[in-house]
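Have a look at the structure below before the remarks.
The values are calculated or read from the model by the stated rules, or taken from the named source; none is laboratory data. Note that the structure is predicted; figures quoted are calculated from it, not measured. Methodologically, a virtual Cβ is constructed for each residue, glycine included, from the backbone with ideal geometry; neighbour enumeration extends over all protein chains shown.
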Amino acid sequence: MARAKSVKLSDIAEQAGVSAATVSNALSGNKGVSESIRTKIAGIAEQMGYQAKAKHAAHENKVFNIGVVIAERFLGRETSFYWTLYHELTQAAQRATCIIMFEVLSSDNEKNHVMPLFAREDQVDGVIILGQLDKQYIESMKRDISLPMLCLDFYLEDMHMDSVISENFYGMYQMTNYLIDRGHRKIFFVGTVLSNCSITDRYFGYKKALLENGIHEEESWVIPDRDMQSGTIDVKLPDDMPTAYVCNCDLTACDVVMALQDKGFRVPEDISVVGFDNFCYERYRDVDITTYEVNIKRMAKMSIERISHRIRHNELRPTKESLQIAMGHMIVKSSVQAIEV
């Protein structure tokens, strides 16, 4: 008989000719597995000497192992928005008596649908996906990983998953109205629409503000800021300048300010700029951009509370989309100047 600690769900799945998710459902008593398959899996597990691992005992002690996976394209050498959000997750997890296991997903593993190691080795009770991954990869995760999962800082329609996001739509609506209230009418949006749900929602918040104020948006008013695949930011400003730029994030806003200065424009005397996130990057500390502050602490707290609830009550996933929104607020700095109407 194999030693209990050497037997993984994947070992049983291979012997039974089913997926690891089916094995997990069968041994946990979850629905969706026929009695014949459940009996077969139970017999193989007993024969191989499989025993529930320490993580199952953790349910009784209310100590959960939570895996956090993020694509490598979201991380750089310097401090970033996602590094800060991850730090807040660890703080929230500690207060909730949870343990975080962190894994960076390479572009090759995402492309080839290689699951996180902590999930393959049956080391966690639930998974938080930090930042939007490829939809097909997430579909593979749902199929192969029989654990509660939560999407943090993004959501996907028709995926039946818990999600926690910032108030992207209303936040950008508020930022755009702030510019309009100060006399601006020719306002350009900087962001690659459809590259992720946050930028897309922020664009529609911008668009709503324009429509409500009778401002006709020209096609040239939307300027891409990043590569759809790599996420690399590279802003190219047009020759026809607006009076204001509304940027999908502060990093892009900082790049826009630098590009404007290189062209001889002053901010805000010549052109106003607003951003989103209220996150200051090291190399741009002299840029003071009016922005919408994302409540990172609240997002982290909501995420840990939600996935802990799923684990504690043995609830795999919601039957429909479960979206929680963390409200932020506008931070007025010095990058906007009112103009005469």
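Going by what's in this entry, would Val273 be described as within 29 Å of Glu340 (Cβ to Cβ), of a type outside the set (Lys, Arg), modelled with pLDDT under 95 and not in a helix (DSSP H, G or I)? For Val273, the condition - within 29 Å of Glu340 (Cβ to Cβ), of a type outside the set (Lys, Arg), modelled with pLDDT under 95 and not in a helix (DSSP H, G or I) - is not met.
Considering the conditions (1) within 15 Å of Gly275 (Cβ to Cβ); (2) in a loop (DSSP other than H, G, I, E, B); (3) not β-branched (Val, Ile, Thr), Gly205 is excluded by exactly one of them, (2). Set side by side, the residues Glu72, Glu35, Glu14 differ, and just one is exposed (fewer than 12 other Cβ atoms within 10 Å of the Cβ) and either closer than 24 Å to Glu305 by Cβ or at pLDDT 70 or above (or both), which is Glu35. Taken together, the residues in the range 195-222 that are among the aliphatic types (A, V, I, L, M) and in contact with a Phe, Trp or Tyr (Cβ under 6 Å, 6 or more places away or on another chain) amount to 2.
Of all residues in the range 293-329, those that are farther than 17 Å from Phe154 by Cα, touching a residue at least 40 places away in the same chain (Cβ under 8 Å) and not acidic (Asp, Glu) total 7.
Out of all the residues in the range 195-203, is one or more surrounded by 19 or more Cβ atoms within 10 Å (Cβ to Cβ) and either in contact with a His (Cβ under 8 Å, 6 or more places away or on another chain) or hydrophobic (A, V, I, L, M, F, W, C) (or both)? Checked the range 195-203: at least one residue is surrounded by 19 or more Cβ atoms within 10 Å (Cβ to Cβ) and either in contact with a His (Cβ under 8 Å, 6 or more places away or on another chain) or hydrophobic (A, V, I, L, M, F, W, C) (or both). Scan the range 131-154 for residues that are closer than 14 Å to Cys197 by Cβ and in a strand (DSSP E or B) and the total you get is 2.
Confirm whether Leu152 is under 21 Å from Ile311 (Cα atoms), of a type in the set (A, V, I, L, M) and modelled with pLDDT of 95 or more. Considered against the rule, which asks whether it is under 21 Å from Ile311 (Cα atoms), of a type in the set (A, V, I, L, M) and modelled with pLDDT of 95 or more, Leu152 comes out as yes.
Regarding the range 301-319, can at least one residue be identified that is at positive phi and in the same structural domain as Asp108 (by TED's automatic domain parsing)? Checked against the condition, which is being at positive phi and in the same structural domain as Asp108 (by TED's automatic domain parsing), the range 301-319 yields at least one hit. Taking into account only those residues within the range 211-239 that are in contact with a Ser or Thr (Cβ under 7 Å, 6 or more places away or on another chain) and either loosely packed, with under 14 Cβ neighbours inside 10 Å or closer than 14 Å to Met175 by Cβ (or both), which is modelled with the highest pLDDT? Result: Pro238. Flag: Ile128 does not match the condition of being part of a strand (DSSP E or B), modelled with pLDDT of 95 or more and farther than 19 Å from Ile165 by Cβ.
How many residues does the range 157-171 hold that are at pLDDT 90 or above and not hydroxyl-bearing (Ser, Thr, Tyr)? Steps first, answer last, please.
First, pick out the residues of the range 157-171 that are at pLDDT 90 or above: 161-171.
If we keep only those that are not hydroxyl-bearing (Ser, Thr, Tyr) as well, we get 161-162, 164-165, 167-169, 171.
Number satisfying all stated conditions: 8.
The criterion of being without any contact (Cβ under 8 Å) to a residue 60 or more places away in the chain and of a type in the set (Gly, Ala, Ser) holds for Ser140.
Under the condition of being in contact with a helix residue (DSSP H, G or I) (Cβ under 8 Å, 6 or more places away or on another chain) and surrounded by 15 or more Cβ atoms within 10 Å (Cβ to Cβ), the residues counted in the range 259-273 number 4.
Quick one: is Val332 surrounded by 20 or more Cβ atoms within 10 Å (Cβ to Cβ) and either touching a strand residue (DSSP E or B) at 6+ places or on another chain (Cβ under 6 Å) or not assigned by TED's automatic domain parsing to the domain that holds Cys249 (or both)?
Details: surrounded by 20 or more Cβ atoms within 10 Å (Cβ to Cβ): no; either touching a strand residue (DSSP E or B) at 6+ places or on another chain (Cβ under 6 Å) or not assigned by TED's automatic domain parsing to the domain that holds Cys249 (or both): yes.
No: the conditions fail for Val332.
One residue is enough: does the range 248-259 have a residue meeting the conditions touching a Gly at 6+ places or on another chain (Cβ under 6 Å) and small (Gly, Ala, Ser)? Among the residues of the range 248-259, at least one is touching a Gly at 6+ places or on another chain (Cβ under 6 Å) and small (Gly, Ala, Ser), which makes the answer yes.
Can Met330 be described as within 30 Å of Asp239 (Cα to Cα), touching a helix residue (DSSP H, G or I) at 6+ places or on another chain (Cβ under 9 Å) and part of a strand (DSSP E or B)?
On the way: within 30 Å of Asp239 (Cα to Cα): yes; touching a helix residue (DSSP H, G or I) at 6+ places or on another chain (Cβ under 9 Å): yes; part of a strand (DSSP E or B): yes.
So Met330 passes the test.
Only a single criterion out of (1) loosely packed, with under 14 Cβ neighbours inside 10 Å; (2) in contact (Cβ under 8 Å) with a residue 40 or more places away in the chain is not satisfied by Asn248, namely (1).
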